[in-house]
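Read through the structure below, which is laid out as structure tokens, and then see the notes.
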Amino acid sequence: MDLLQAFLLGIIQGLTEFLPVSSSGHLEIGHALLGVKGHNNLLFAVVVHGATVLSTLVVFRKDILDLFKGLLAFKWNQETKYVSFLLLSAIPVLILGLLFKEKIESLFTGNIVFVGSMLLITACLLGFTYFAKSREKSIGWLDALLIGIAQAMAVVPGISRSGSTIATGLLLGKKREDMARFSFLMVLIPIIGANFLDLVGGEMSAADSIGVLPLAVGFIAAFISGLLACKWMIKIVKQGKLIYFAAYCLIIGLIAIFAG
């Protein structure tokens, strides 16, 4: 992987992590178009996902600080309850990651026909939100679990994590602004956990075959583009314009299928 490839893939990750179009799916398509092949594609994906986690921390720094202040009060309050919802939402993807790690990794092989098929599913999910009626309900325990299951399904390249979680929340009648916030905060736990496990498990030793500089370039590109995309996506969700991304996923999915 050269620096230009790393830069372009980093931008793709940063933009598509927050926009409901599947970052993993676009990375797989990007790898295929740029001719980036090899068993270390997953390592690069982990690194640039870490960059978008940092973007989330920056954008939601005030919310995160408030949550920590509430936790440090050591009592059952709104902040403690919200963090409990976030932890609950992380359980499905944790179980899936622990039990089916090798099967999940086997999906990242550059099969753009498969990715295109999954993008069509994402398009359907986003399309359904056009007909969803917001009942202005707050997130509850069952909601957090169901949204967490939606996030777990998004480990498949082509299924958008933000798209599936936000769409699930909106179909459950949750407030648009609340769902954007919850969707972006809930991803912090599994991605930070995945990065830590890969580091402890020695996966990062594969960096030698990619090169530290390409990884760094990809990280920086993903971080900066992620900052912009995160702020943009919050506005999009508030305005209820997810239907445009449904059309985009439909078009890209069909192109990927026929091109494959």
* To do: Among the residues of region 205-260, write down those that are without any contact (Cβ under 8 Å) to a residue 12 or more places away in the chain and at positive phi.
  => none
* Go through (1) modelled with pLDDT under 85; (2) crowded, with 17+ Cβ neighbours inside 10 Å; (3) touching a strand residue (DSSP E or B) at 6+ places or on another chain (Cβ under 7 Å) and name the single condition residue 139 misses. => (1)
* Asked: Out of 237, 200, 212, which single residue is within 26 Å of residue 136 (Cβ to Cβ) and modelled with pLDDT under 90?
  -> 237
* Identify, please: which residue in region 96-124 is modelled with pLDDT under 90 and among the aromatic types (Phe, Trp, Tyr) and is, among those, farthest from residue 257 (Cα to Cα)? -> 100
* Subset of region 31-49 (residues that are surrounded by fewer than 21 Cβ atoms within 10 Å (Cβ to Cβ), modelled with pLDDT of 75 or more and part of a helix (DSSP H, G or I)) -> 32, 33, 34, 46
* Which of (1) over 21 Å from residue 251 (Cα atoms); (2) in contact with a Ser or Thr (Cβ under 8 Å, 6 or more places away or on another chain) is the odd one out, the single condition residue 80 does not satisfy? -> (2)
* **Residue check for residue 73: over 28 Å from residue 252 (Cβ atoms) and touching a Ser or Thr at 6+ places or on another chain (Cβ under 9 Å)** => yes
* Asked: Has region 22-33 got any residue that is farther than 30 Å from residue 243 by Cα, touching a residue at least 12 places away in the same chain (Cβ under 8 Å) and among the polar types (S, T, N, Q)?
  -> no
* Filter region 171-195 for residues that are without any contact (Cβ under 8 Å) to a residue 60 or more places away in the chain and either closer than 16 Å to residue 56 by Cα or surrounded by fewer than 23 Cβ atoms within 10 Å (Cβ to Cβ) (or both) and give the result. => 171, 172, 173, 175, 178, 179, 180, 183
* Asked: Of everything in region 20-30 that's assigned to a helix (DSSP H, G or I) and of a type in the set (A, V, I, L, M, F, W, C), which residue is farthest from residue 237 (Cα to Cα)?
  -> 29
* Asked: Out of (1) among the hydrophobic types (A, V, I, L, M, F, W, C); (2) farther than 20 Å from residue 237 by Cα; (3) in a loop (DSSP other than H, G, I, E, B), the odd one out for residue 139 is which?
  -> (2)
* Asked: Within the group 148, 127, which residue is small (Gly, Ala, Ser), modelled with pLDDT of 95 or more and touching a helix residue (DSSP H, G or I) at 6+ places or on another chain (Cβ under 6 Å)?
  -> 148
* To do: Using the structure shown, decide if residue 65 is touching a Pro at 6+ places or on another chain (Cβ under 9 Å) and part of a helix (DSSP H, G or I).
  => no
* Asked: Within region 93-104, is there a residue that is crowded, with 18+ Cβ neighbours inside 10 Å, in contact (Cβ under 8 Å) with a residue 40 or more places away in the chain and not β-branched (Val, Ile, Thr)?
  -> yes
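The values are calculated or read from the model by the stated rules, or taken from the named source; none is laboratory data. As the structure is a prediction and not an experimental result, all values here were calculated from the model. Don't worry about glycine lacking a Cβ; one is built from the backbone with ideal geometry, like all the others, and counts go over all protein chains shown.
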